[in-house]
Amino acid sequence: MLKLDHVVFPIRDAGRSLAFYRDVLDLPLVEAHEGDDWGDYPWLMMIFALPGGGEIVLVELKEAPPPSYRDLPKDVRHYALATEAVADLAAWRRKLRQAGVRYWEEDHGAQQSVYFEDPDGVVLEITAPPSHPAISASERAARAVRRWMHPGAQA
């Protein structure tokens, strides 16, 4: 069975990102690596541990074109983190407000979510309770994909 191990995304300013992920999200910086040739760019990689396992990995490429997440609808590309109880979201709202981070909320029925952007425009979500996908729903998902790929055909 697979589980999420880590996500990696580019950043523009290591200092701002370090402060955001360490101080606002309270994720510990557990490793950092650097080198001089990742696609012809000097680089810094910062690895933050997630509670329960997994990592968020940030990479700054010195003098590379800046990454842009801003040209897409805000939540079409996002990274979701979970907390156990919907009541936990109140503390996250307070923490984000205190840090001056703008956020928005969505009601997903069984889950409630708070969305916000990191300093580079990466959209993060904190959702509660955690997702627990049912393998039994996989045929329903397959039919939806077939309908998308072949409009008008019998699913």
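The values are calculated or read from the model by the stated rules, or taken from the named source; none is laboratory data. All figures in this text were calculated on a predicted structure; none of them were measured in a lab. We place every Cβ from the backbone using ideal geometry, glycine too, and count neighbours over all the protein chains shown. For the accessible areas, the whole protein counts, side chains as well, though only heavy atoms, and no ligand, DNA or RNA atoms are used. Shrake-Rupley method; radii C 1.70, N 1.55, O 1.52, S 1.80 Å.
Worth pointing out:
- Within segment 15-47, being closer than 19 Å to Ala99 by Cα and either of a type in the set (Ser, Thr, Tyr) or surrounded by 17 or more Cβ atoms within 10 Å (Cβ to Cβ) (or both) holds for Ser17, Leu18, Phe20, Tyr21, Val24, Leu25, Leu27.
- Among (1) of a type outside the set (D, E, K, R); (2) out of contact with any strand residue (DSSP E or B) (no Cβ under 9 Å at 6 or more places or on another chain); (3) farther than 22 Å from Glu84 by Cα - the single one Leu29 does not satisfy: (2)
- Among the residues of segment 85-102, at least one is in contact with a Pro (Cβ under 8 Å, 6 or more places away or on another chain) and either open to solvent by less than 60 Å² (accessible area, probe 1.4 Å) or at positive phi (or both).
- Exactly one residue out of Gly39, Gly100, Gly52 is of a type in the set (Gly, Ala, Ser) and more than 28 Å from Pro130 (Cβ to Cβ), and it is Gly39.
- For the condition outside any loop (DSSP other than H, G, I, E, B), at pLDDT below 90 and more than 20 Å from Ala19 (Cβ to Cβ), Ser131 does not qualify.
- Complete set of residues in segment 112-128 that are acidic (Asp, Glu) and in a strand (DSSP E or B): Glu117, Glu125
- So Val114, is it modelled with pLDDT of 90 or more and among the hydrophobic types (A, V, I, L, M, F, W, C): yes
- Selection status of Gly109, without any contact (Cβ under 8 Å) to a residue 24 or more places away in the chain, at positive phi and either under 17 Å from the mean Cα position of the chain (by Cα) or outside any strand (DSSP E or B) (or both): yes
- In the set (1) at pLDDT below 90; (2) farther than 16 Å from Val123 by Cα; (3) open to solvent by 70 Å² or more (accessible area, probe 1.4 Å), the condition left unmet by Gly53 is number (3).
- Index of the failed condition, Asp120 passing every other in (1) at pLDDT 95 or above; (2) of a type outside the set (S, T, N, Q); (3) open to solvent by less than 60 Å² (accessible area, probe 1.4 Å): (1)
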